[in-house]
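Colleague: Have a look at this one.
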Amino acid sequence: MLRLKISLILSLFLSTLGLGQTLLNGYGLGSVQYTRDAASLGISSTGLLPSFRPHVSVSNPSTWRVLQYTYLSGMYGGHEVEQKNNTLIHGRSDLDQFQLIIPIKQKYAWGIGINPYSDQRISLIGSETTTVFGLDTLTVRNTISGFGGINSFNTSFGFPISEKDILGVTFDFLFGSSRQEAILTVDQKDYIYEQRRLYSGVLLKIFIQSDRLKIKKIPIDTYLALGFSAKPLAIKIYSYQPFEDNNGSGYHDASSINRDFPDLASNPKPIKTYYSNSFHPIELQFGLDSEIATRLHFQTEVAFWKDLASFKHNLSALHDQISSRNQLNVGLVKFSTKVPHEIWNRFHYRTGIYIRQIKLDYSQKYVNQYGVSFGIGYKFGLANNQIDFGFSISKRDGLIKDGEIIRQFSVGLSIGDLWFVKRRER
Amino acid sequence: MKIPIVISRFLWILSICVFLSCSEDTIPYPLDKIPLQLDTLILYNKVTGTSYQTLPEMGSLEKLYLGSKNGFINLFTLIQISSQSSNTTFEDLLKDSISIDNVILKFSFSVDTLLADNPVFRLSFFPDDGDSIFHEYNTNYKNFDISNFTPIILGETYLAQAEPESSETVTPELIFDSLNVVETFSGDTLNIVETFSDSVSNRTFLLEVVGGYDDLISFKSRETGDGPNLSVYYQETSVNDSDVVVIDTLYRIFPAIKDLSVLTPPDTTTEDVTMLAVGRGKGLKSLIQLNLDTLSYLPEQILFRSETYLNLFYDAEEVENFSVFAFPLADTVNSWDFTSFIEKDPYDINGNYALPVIWDNGKIKIRIQSYLQYVKFNNLTNLGIKLYGSTNNDPFQTVYFYSYNGEVNSLNPYITVQYVAP
């Protein structure tokens, strides 16, 4: 078991070395992760609905109290974006989530976790153009690169507020840094402008799970989530003096051969700018879960997300930002038996479809995404450990001509242990 | 196989596979607007300046001049010989075992052909005038009066050119020989080697053209490595280990360590006063004043491109083999009016910021990219720019540039700025 845990940690760390990008990373604060865990990916859910186990979602703290064991979960995922018009393929893979969930006496629950929140990795190159400046004819090309993003350290609580209603609260402490590099190439000479950004903010999300609803005596679990910023995201930007990269190193250095201009030693300090209210999202999610047959659940969810920030500052690589994001998804889950005897009964089977629409603020453009997903989960071990696989394929229109095909996968491993057990007195 | 082992092995394989499968291609995208923009600016009527005149600067040139040209009159040329040749001094050559055969002073002509009218050259030296006659960089026609010295004529001769042995080129030379023992007008005899062996000897010669010359004659100076030199040919007697008397025929070459042509420049002209002038023989240099108020309106994080120039039109049809140096001034200019005959050049330069000068079909373009950039950074104060000529230039040539005199003129200097800025 120790070897397994070590393998898990090391392999997940290795996986974070992977790089990748998609065009959405260049809008606003980058592309925000919609689904963090493999089980939710399997049914195309945002994490609100219980896809991990019956009545349990790894990403919804109001569902955790029914867990018997403490779980340490790691989610590793990636996606691949194929651009049809020029057949470019971009991929990324890294740690999606690392979480510890501790149910307390099957009444309360507490969890902490860390996961990427938004991704700003991007590398775009424009076409070469010819410009006339006075008597000079210059060839000009633009390039934008972005690195880094925002991470979240979160802590969550789940506790009952009535016999039929459970409340969950998640605090997402946002932190992170990113670097944006704009390169203007004029007659084969690069002029580089860099900015570094530091982020901090706090998001709050309240979950409510209720089993009050019944339709024709069929119980329907309802799930509601309301998210908003407890402390709007603040950005501290360091803008560095642009420089002429004469030695082609990509860095402002003091090489003695083909020295960069201006001299590194003479460079003024970066200009610091502070934006205190640059990201102010509000979101509302509503979902239903109904057991329509033995261990077979039908789940549906609708999610609304909007950025209320007075975001007039042009901070993103592509001079636009996501102003709203809405999603509708429907899924089916066949859970495993509680005490499986046959191996096929150890599996959870998941599938789902979703429609997502994103609106861009400045261009007023709509980006639509349609997808289908599949997933399985496998229980093993005495502590009900579980490994989950989720896969999704979707089509996205509106960002580039001819659209994009997105393939996404996630692998989750949840290792259980028994905590807070009252020992018998000898 | 236990399931945890299977899973751990699976995880390792998965992480390696996924790591290797990651890709990051640059996406082509219509990036018509990025946080860095290119722009250009032309500034007119922002450049003024003046010339000023110091005394002629003829030291450290690659040629020594005699004769006259363009109103310049070369009075004479002064040469100081080194006291040593390798490890041999003049005193070493006075040993009893040494017998001096000949002492020759040689000048190499700067062109390959003899002058059509072969003038007579006269050589003199200063045995009785102390340990120093001139300073290579400070001596000029204003502070050097030959009547304060008592030069003694050593001889007169013509330029000569040896017959080439094959297809080689032979440079004409001016050779004064038989200098080892000199008979003065008063009948005294002087031994050159003995005179130069004195520790307080000035070891200085004066070369002049007898009766003047209406054109310019030039010899190679010491800066070329083939400058004037004094050769001493001698025989040294010694006894070897077998008690046999051996006579060696040897020579030593004593090179020039200082050489200078002293000339009188022509009178100051209207162009010298009203235009921006550069010329070493006349001692003309220029100071340029730039009005950079516009910089304060440009973006804070501006980056000037190398195509940022100060453009000055010159007043000549063609200028060849003429180099101009431009540097930021290190001192404040007290007066922007023409001033002449300043003893010492009062305007130092900031040598850290050499400004390249490009000759471009009727004008020079001084690259002021670094000047504007470091003024913008407040690393440099906008005191102005100094223009002066190279030591390789023909000292008798003066180039004039147009300055802004308050009137609109297509030949007025102007500044072109290309920059990028966020």
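The values are calculated or read from the model by the stated rules, or taken from the named source; none is laboratory data. Bear in mind the structure is a predicted one, so any value in this text is a computation, not a measurement. Don't worry about glycine lacking a Cβ; one is built from the backbone with ideal geometry, like all the others, and counts go over all protein chains shown. The accessibility values were calculated without ligands, DNA or RNA, using every heavy atom of the protein model including side chains. Shrake-Rupley method; radii C 1.70, N 1.55, O 1.52, S 1.80 Å.
Colleague: Go through the residues of segment A:84-92 one by one and say whether even a single one is more than 8 Å from every other protein chain (Cβ to nearest Cβ), touching a residue at least 12 places away in the same chain (Cβ under 8 Å) and more than 20 Å from A:HIS319 (Cα to Cα).
Modeller: Yes, some residue in segment A:84-92 is more than 8 Å from every other protein chain (Cβ to nearest Cβ), touching a residue at least 12 places away in the same chain (Cβ under 8 Å) and more than 20 Å from A:HIS319 (Cα to Cα).
Colleague: Quick check on segment B:373-397: of everything there that is under 26 Å from the mean Cα position of the chain (by Cα) and open to solvent by 30 Å² or more (accessible area, probe 1.4 Å), which residue is farthest from B:SER68 (Cα to Cα)?
Modeller: B:LEU383
Colleague: For segment B:200-211, indicate whether the set of residues that are farther than 16 Å from B:ILE153 by Cα and either of a type outside the set (S, T, N, Q) or more than 28 Å from the chain's Cα centre (by Cα) (or both) is non-empty.
Modeller: yes
Colleague: Still on this structure, I have one more. With A:GLY176, A:GLY149 as the choices, which residue is touching a residue at least 60 places away in the same chain (Cβ under 8 Å) and more than 30 Å from A:PHE261 (Cβ to Cβ)?
Modeller: So the residue among A:GLY176, A:GLY149 that is touching a residue at least 60 places away in the same chain (Cβ under 8 Å) and more than 30 Å from A:PHE261 (Cβ to Cβ) is A:GLY149.
Colleague: Continuing with the same structure: Considering B:GLY71, B:GLY59, which residue is in contact with a Pro (Cβ under 9 Å, 6 or more places away or on another chain) and more than 14 Å from chain A (Cβ to nearest Cβ)?
Modeller: B:GLY71
Colleague: Regarding A:LEU296, is this residue surrounded by 14 or more Cβ atoms within 10 Å (Cβ to Cβ), within 21 Å of A:ILE353 (Cβ to Cβ) and more than 14 Å from chain B (Cβ to nearest Cβ)?
Modeller: no
Colleague: Residue check, B:THR274 against (1) closer than 19 Å to B:ARG367 by Cα; (2) among the β-branched types (Val, Ile, Thr); (3) over 19 Å from the mean Cα position of the chain (by Cα), all met but one. Which one?
Modeller: That leaves (1) as the condition not met.
Colleague: Please go through (1) among the small types (Gly, Ala, Ser); (2) surrounded by fewer than 19 Cβ atoms within 10 Å (Cβ to Cβ); (3) within 30 Å of B:PRO299 (Cβ to Cβ) for B:SER370 and return the number of the only condition it doesn't satisfy.
Modeller: Every listed condition holds for B:SER370 apart from (2).
Colleague: Here's a follow-up. When both residues are 6+ apart or on different chains and their Cβ atoms are under 8 Å apart, which pairs have a first residue that lies in segment B:238-256 and is closer than 26 Å to B:ASN180 by Cα, and a second that is acidic (Asp, Glu)?
Modeller: Every condition considered, the pairs that remain are B:SER238/B:ASP248; B:ILE247/B:GLU236; B:ASP248/B:GLU236; B:THR249/B:ASP101; B:LEU250/B:GLU236.
Colleague: Determine the pairs where a residue that is touching a residue at least 24 places away in the same chain (Cβ under 8 Å), located within segment A:255-267, has a partner that is in a loop (DSSP other than H, G, I, E, B) with Cβ atoms under 6 Å apart, the partner being 6 or more residues away or on another chain.
Modeller: Close Cβ pairs satisfying both conditions: A:ASN267/A:GLN241.
Colleague: Take B:SER296 and tell me if it is farther than 27 Å from B:GLN53 by Cβ and part of a loop (DSSP other than H, G, I, E, B).
Modeller: Taking the combined requirement at face value, the residue does not satisfy it.
Colleague: Of the residues B:LEU310, B:LEU303, B:LEU287, B:LEU263, which is within 14 Å of another protein chain (Cβ to nearest Cβ), aliphatic (A, V, I, L, M) and either within 23 Å of the chain's Cα centre (by Cα) or crowded, with 21+ Cβ neighbours inside 10 Å (or both)?
Modeller: Going through B:LEU310, B:LEU303, B:LEU287, B:LEU263 in turn, just one is within 14 Å of another protein chain (Cβ to nearest Cβ), aliphatic (A, V, I, L, M) and either within 23 Å of the chain's Cα centre (by Cα) or crowded, with 21+ Cβ neighbours inside 10 Å (or both): B:LEU303.
Colleague: Report, by residue number, each residue of segment B:382-422 that is closer than 22 Å to B:LEU41 by Cα, among the β-branched types (Val, Ile, Thr) and away from chain A (no Cβ under 11 Å).
Modeller: B:ILE385, B:VAL408, B:ILE415
Colleague: Also: With respect to A:SER123, is the statement that it is out of contact with any Pro (no Cβ under 7 Å at 6 or more places or on another chain) and facing chain B (nearest Cβ under 9 Å) true?
Modeller: Yes; evaluated as a whole, the condition is true for this residue.
Colleague: Check B:ASP131, B:ASP92, B:ASP117 and return the single one that is open to solvent by 10 Å² or more (accessible area, probe 1.4 Å), part of a loop (DSSP other than H, G, I, E, B) and closer than 24 Å to B:ILE192 by Cβ.
Modeller: The conditions single out B:ASP131.
Colleague: Moving on to the next point. Just the residues that are touching a residue at least 24 places away in the same chain (Cβ under 8 Å) and away from chain A (no Cβ under 12 Å), please, taken from segment B:340-355.
Modeller: Residues satisfying the conditions are B:SER340, B:PHE341, B:ILE342, B:GLU343, B:LYS344, B:ASP345, B:TYR347, B:ILE349, B:ASN350, B:GLY351, B:ALA354, B:LEU355.
Colleague: Quick one: count up the residues across segment A:136-166 that are over 22 Å from the mean Cα position of the chain (by Cα) and either open to solvent by 10 Å² or more (accessible area, probe 1.4 Å) or over 30 Å from A:ARG212 (Cβ atoms) (or both).
Modeller: Count: 16.
Colleague: Filtering segment A:382-393 down to residues that are surrounded by fewer than 21 Cβ atoms within 10 Å (Cβ to Cβ) and without any contact (Cβ under 8 Å) to a residue 60 or more places away in the chain, which residue is nearest to the other protein chains (Cβ to nearest Cβ)?
Modeller: That would be A:ILE387.
Colleague: Let me ask you something else. Every residue in segment A:358-388 that is on the phi < 0 side of the Ramachandran plot, out of contact with any Ser or Thr (no Cβ under 8 Å at 6 or more places or on another chain) and of a type outside the set (Phe, Trp, Tyr), please.
Modeller: A:SER363, A:LYS365, A:VAL367, A:ASN368, A:ILE376, A:LEU382, A:ALA383
Colleague: Taking the options A:LYS379, A:LYS401, name whichever one is of a type in the set (Lys, Arg), in contact with a helix residue (DSSP H, G or I) (Cβ under 8 Å, 6 or more places away or on another chain) and in contact (Cβ under 8 Å) with a residue 40 or more places away in the chain.
Modeller: Residue meeting the stated conditions: A:LYS379.
Colleague: State which residue is nearest to B:ASN379 (Cα to Cα) when the search covers only segment A:246-283 and only residues that are of a type in the set (S, T, N, Q) and within 11 Å of chain B (Cβ to nearest Cβ).
Modeller: A:SER266
Colleague: Conditions: (1) within 14 Å of chain B (Cβ to nearest Cβ); (2) in a helix (DSSP H, G or I); (3) at pLDDT 90 or above. A:TRP64 meets all but one. Number of the miss?
Modeller: Unmet for A:TRP64, out of (1) within 14 Å of chain B (Cβ to nearest Cβ); (2) in a helix (DSSP H, G or I); (3) at pLDDT 90 or above: (1).
Colleague: Which pairs do you get when a residue that is touching a residue at least 40 places away in the same chain (Cβ under 8 Å), found in segment A:59-73, comes within reach of a residue that is part of a helix (DSSP H, G or I) and not small (Gly, Ala, Ser), reach meaning Cβ atoms under 8 angstrom, with the pair 6+ apart or on two chains?
Modeller: If the second residue must be part of a helix (DSSP H, G or I) and not small (Gly, Ala, Ser), the pairs left are A:LEU72/A:LYS5.
Colleague: What residue, of A:THR129, A:THR143, A:THR139, is closer than 21 Å to B:LEU38 by Cβ and free of Cβ contacts under 8 Å to residues at least 24 places away in the same chain?
Modeller: A:THR129
Colleague: Between residues in segment B:368-381 that are away from every other protein chain (no Cβ under 11 Å) and residues that are in a helix (DSSP H, G or I) and open to solvent by less than 30 Å² (accessible area, probe 1.4 Å), which pairs lie under 9 Å by C-beta distance while being six or more apart or on different chains?
Modeller: Correct list of pairs: B:VAL375/B:LEU295; B:THR381/B:VAL375.
Colleague: Going by the structure shown, is A:ASP172 crowded, with 22+ Cβ neighbours inside 10 Å, charged (D, E, K, R) and part of a strand (DSSP E or B)?
Modeller: It is true that A:ASP172 is crowded, with 22+ Cβ neighbours inside 10 Å, charged (D, E, K, R) and part of a strand (DSSP E or B).
Colleague: Another question, if that's okay. Taking the condition of being hydrophobic (A, V, I, L, M, F, W, C) and not in a strand (DSSP E or B), how many residues in segment B:207-234 meet it?
Modeller: Selection size over segment B:207-234: 1.
Colleague: Something else now. Inspect segment A:48-56 for any residue being at pLDDT 90 or above, away from every other protein chain (no Cβ under 14 Å) and either in contact with a Lys or Arg (Cβ under 7 Å, 6 or more places away or on another chain) or on the phi > 0 side of the Ramachandran plot (or both) and give the result as yes or no.
Modeller: yes
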